[in-house]
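Novice: Below is a structure I'd like to ask you about.
The values are calculated or read from the model by the stated rules, or taken from the named source; none is laboratory data. What you are looking at is a predicted structure, and each value in this text was computed from that prediction instead of being measured. Backbone-built Cβ (ideal geometry, glycine too); neighbour counts: all protein chains shown. Remember, those area values only see protein heavy atoms, side chains included, never the ligands or the DNA or RNA. Shrake-Rupley method; radii C 1.70, N 1.55, O 1.52, S 1.80 Å.
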2 protein chains.
Amino acid sequence: MTTLAPVAPSPGGHLLHPVVRKLSAYGALTGQEQAALAGLGAGAQRVEGRFDLLSEGAVPESAVLVVEGVACRYRHRPSGARQITAYLLPGDLCDLDFVHPCRMNHSVGTIGTCRVARVPREALAGLVARHAGIARGFRLAKLAEEETTREWVMNVGCRSAIERVSHLLCELHERLRVVGWATKAGYDLPLTQQDLADTTGLSNVHVNRVLRQLRLMRLVEVGGKRVDILNLAGLQAIAEFQADYLRPAVD
Amino acid sequence: MTTLAPVAPSPGGHLLHPVVRKLSAYGALTGQEQAALAGLGAGAQRVEGRFDLLSEGAVPESAVLVVEGVACRYRHRPSGARQITAYLLPGDLCDLDFVHPCRMNHSVGTIGTCRVARVPREALAGLVARHAGIARGFRLAKLAEEETTREWVMNVGCRSAIERVSHLLCELHERLRVVGWATKAGYDLPLTQQDLADTTGLSNVHVNRVLRQLRLMRLVEVGGKRVDILNLAGLQAIAEFQADYLRPAVD
DNA sequence: CGCGCTTTTGAATATGTTCAACCTCAGTGG
DNA sequence: CCACTGAGGTTGAACATATTCAAAAGCGCG
């Protein structure tokens, strides 16, 4: 039931642009900064699911801002196996460092239908140069992204199947909550079980079994493009989920 | 047999500071820039193995520059399991973004004996502000670090045991080669099999079996703190190793 | 030498994969 | 309206891969 109207009110009821909500979590922004940021999403286009926004090998001239929907970074092995290495949620910017062009080492594609804005490198650089709050926000957002990738290494490297899946569900919940797309009760999620498998390093069959187990444990119900959280504390406990890696503390 | 003399000539015979060699790989540096960079390592101190340079929860005031030896980023789970999420080799800078202080989400510790310099945040910021080549080098180095972490997610998420270990050995070889600490024949490496296990998400026992297999396949011999490469092409083939993620191409 | 850490090996076990079948449901077209 | 279709989800059984446990051997160092 993802709404894709021109102006999409998120479940939290806020009309603020997700990128504004996201960066605000890293420190207050002035009204001017909020307006400038929101302007980035002005030309957002609707993009179908399973569509590549940036392809491996390309040298993109624009960054990609996800305004609505879910996209991911991924790569295929010669064998055909796919690994998803990050999710891009509303408010997330797929940067490219906004200084120098450089060759993409992986692809970025949508999962479900998205609304996405292309942001020219110069526009980003200008924003950062003029607004200290935005510069700071982007810096911390990038730091959070790095920490998240490390957390994923941890997840896939040393957690059991049920822990991995739980951790992923907790992370998505927390990140969507910040931008107003999740409530305590749950969130919409267009991922298939195969997507979850390609993220957690499990087989789709085993993901299915893990999800059933989580349902029987009355922790969370995943299905029909929807995640219903029955017992958040319990889910976080299994996952050993600590949200602090998502918000780099700065005193 | 790691040399730890005050001025350590690397096996490649170069006397250049590893950080100079590393950043030069991302674009030529002026003599002035090289000198300024090399100055960072001036006050390097010797640090024993298995020693924490930065601890989880701390808010460091200085970055850490590894001049010699091997260190790593790691974290422990409550269960005691450890995951290594990155290696810091000679020339690597454990930054902290050199702008804002922020809380460490993981620890950084030495593996074997190291020579390490603490670099105050301001010194780094000054260097970057004054020297375009250094700024560019750091930017690309950071990009390479991010790509490397994603590559690790790939490694642990969807490769078999022998592929994971091979890939790690290839990556370390390539990175050490750039800074002059590896030859085609191999390199010194102070890691235990347990360290390899904590990196690849395997048990120490299984790492041992994989290493034996690689030895029997006449690809590489690991032991006695030394990695002897018998068939680099073969090892890279097993690992599907593509070094390009280590050097972000910029036309 | 003796101690502690690392490496090595075997056997039993756990965990997750593969393969193949079947089910469900939404969308499509007769 | 219903049959058809295809993608995604579910299930069982056989299997592969890696873990755990336990014991012994090697090695560096005081």
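Novice: Only one residue in B:144, B:71 is open to solvent by less than 10 Å² (accessible area, probe 1.4 Å), within 22 Å of residue B:29 (Cα to Cα) and in contact (Cβ under 8 Å) with a residue 40 or more places away in the chain, so which one is that?
Specialist: Details: B:71 fails: within 22 Å of residue B:29 (Cα to Cα).
Just a single option satisfies the conditions, and that option is B:144.
Novice: Somewhere in the stretch A:198-217, is a residue hydroxyl-bearing (Ser, Thr, Tyr), within 11 Å of DNA strand C (Cβ to nearest atom), part of a loop (DSSP other than H, G, I, E, B) and out of contact with any strand residue (DSSP E or B) (no Cβ under 8 Å at 6 or more places or on another chain)?
Specialist: Yes, there is a match, as at least one residue in the stretch A:198-217 is hydroxyl-bearing (Ser, Thr, Tyr), within 11 Å of DNA strand C (Cβ to nearest atom), part of a loop (DSSP other than H, G, I, E, B) and out of contact with any strand residue (DSSP E or B) (no Cβ under 8 Å at 6 or more places or on another chain).
Novice: Just checking, which of B:101, B:120 is over 25 Å from residue B:248 (Cα atoms), within 13 Å of chain A (Cβ to nearest Cβ) and out of contact with any helix residue (DSSP H, G or I) (no Cβ under 7 Å at 6 or more places or on another chain)?
Specialist: B:101
Novice: Right, something else. I need the full set of residues from the stretch A:182-194 which are buried (at least 21 other Cβ atoms within 10 Å of the Cβ) and either assigned to a helix (DSSP H, G or I) or within 12 Å of DNA strand D (Cβ to nearest atom) (or both), in order please.
Specialist: Across the stretch A:182-194, the qualifying residues are A:189, A:191.
Novice: Might you check whether a residue that is within 7 Å of another protein chain (Cβ to nearest Cβ) and in contact with a Lys or Arg (Cβ under 7 Å, 6 or more places away or on another chain) occurs anywhere in the stretch A:61-72?
Specialist: Of the residues in the stretch A:61-72, the ones within 7 Å of another protein chain (Cβ to nearest Cβ) are none.
Among the residues of the stretch A:61-72, not one is within 7 Å of another protein chain (Cβ to nearest Cβ) and in contact with a Lys or Arg (Cβ under 7 Å, 6 or more places away or on another chain), which makes the answer no.
Novice: What pairs come up if the first residue lies in the stretch B:48-60 and is closer than 19 Å to residue A:147 by Cβ, the second is surrounded by fewer than 13 Cβ atoms within 10 Å (Cβ to Cβ) and not small (Gly, Ala, Ser), and their beta carbons are under 9 Å apart, counting only those six or more places apart or on different chains?
Specialist: Partner pairs satisfying both residue conditions: B:59/A:251.
Novice: Here is a further query. So for the stretch A:110-127 (the condition being assigned to a loop (DSSP other than H, G, I, E, B), in contact (Cβ under 8 Å) with a residue 24 or more places away in the chain and farther than 18 Å from residue A:46 by Cβ), does at least one residue qualify?
Specialist: Checked the stretch A:110-127: no residue is assigned to a loop (DSSP other than H, G, I, E, B), in contact (Cβ under 8 Å) with a residue 24 or more places away in the chain and farther than 18 Å from residue A:46 by Cβ.
Per-residue answers, yes or no, for (1) crowded, with 19+ Cβ neighbours inside 10 Å; (2) touching a residue at least 60 places away in the same chain (Cβ under 8 Å):
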{"site": "A:66", "(1), (2)": "yes, no"}
{"site": "A:76", "(1), (2)": "no, no"}
{"site": "A:79", "(1), (2)": "no, no"}
{"site": "A:85", "(1), (2)": "yes, yes"}
{"site": "A:94", "(1), (2)": "yes, no"}
{"site": "A:106", "(1), (2)": "yes, no"}
{"site": "A:151", "(1), (2)": "yes, yes"}
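Novice: Something else about it: Just checking, which of B:163, B:145, B:171 is under 15 Å from the mean Cα position of the chain (by Cα) and within 11 Å of chain A (Cβ to nearest Cβ)?
Specialist: Just a single option satisfies the conditions, and that option is B:145.
Novice: Check whether at least one residue in the stretch B:75-82 is part of a loop (DSSP other than H, G, I, E, B), touching a helix residue (DSSP H, G or I) at 6+ places or on another chain (Cβ under 7 Å) and aliphatic (A, V, I, L, M), and report yes or no.
Specialist: Scanning the stretch B:75-82, I find at least one residue that is part of a loop (DSSP other than H, G, I, E, B), touching a helix residue (DSSP H, G or I) at 6+ places or on another chain (Cβ under 7 Å) and aliphatic (A, V, I, L, M), so the answer is yes.
Novice: Which pairs have Cβ atoms under 9 Å, sit 6 or more apart or on different chains, and link a residue in the stretch A:174-192 that is on the phi > 0 side of the Ramachandran plot to one that is within 16 Å of DNA strand D (Cβ to nearest atom) and open to solvent by less than 40 Å² (accessible area, probe 1.4 Å)?
Specialist: As it stands, the answer is A:186/A:220; A:186/A:227, since those pairs meet every condition given.
Novice: Just a yes or no: is a residue in the stretch A:221-243 within 15 Å of DNA strand D (Cβ to nearest atom) and within 13 Å of chain B (Cβ to nearest Cβ)?
Specialist: Within the stretch A:221-243 (the criterion being within 15 Å of DNA strand D (Cβ to nearest atom) and within 13 Å of chain B (Cβ to nearest Cβ)), the answer is no, since none of the residues qualifies.
Novice: Another question, if that's okay. Tell me, please, whether a residue that is open to solvent by less than 10 Å² (accessible area, probe 1.4 Å), more than 18 Å from residue A:88 (Cα to Cα) and within 16 Å of DNA strand C (Cβ to nearest atom) can be found in the stretch A:162-181.
Specialist: yes
Novice: If you go through the stretch B:53-64 one residue at a time, how many are open to solvent by 40 Å² or more (accessible area, probe 1.4 Å) and touching a His at 6+ places or on another chain (Cβ under 9 Å)?
Specialist: 1
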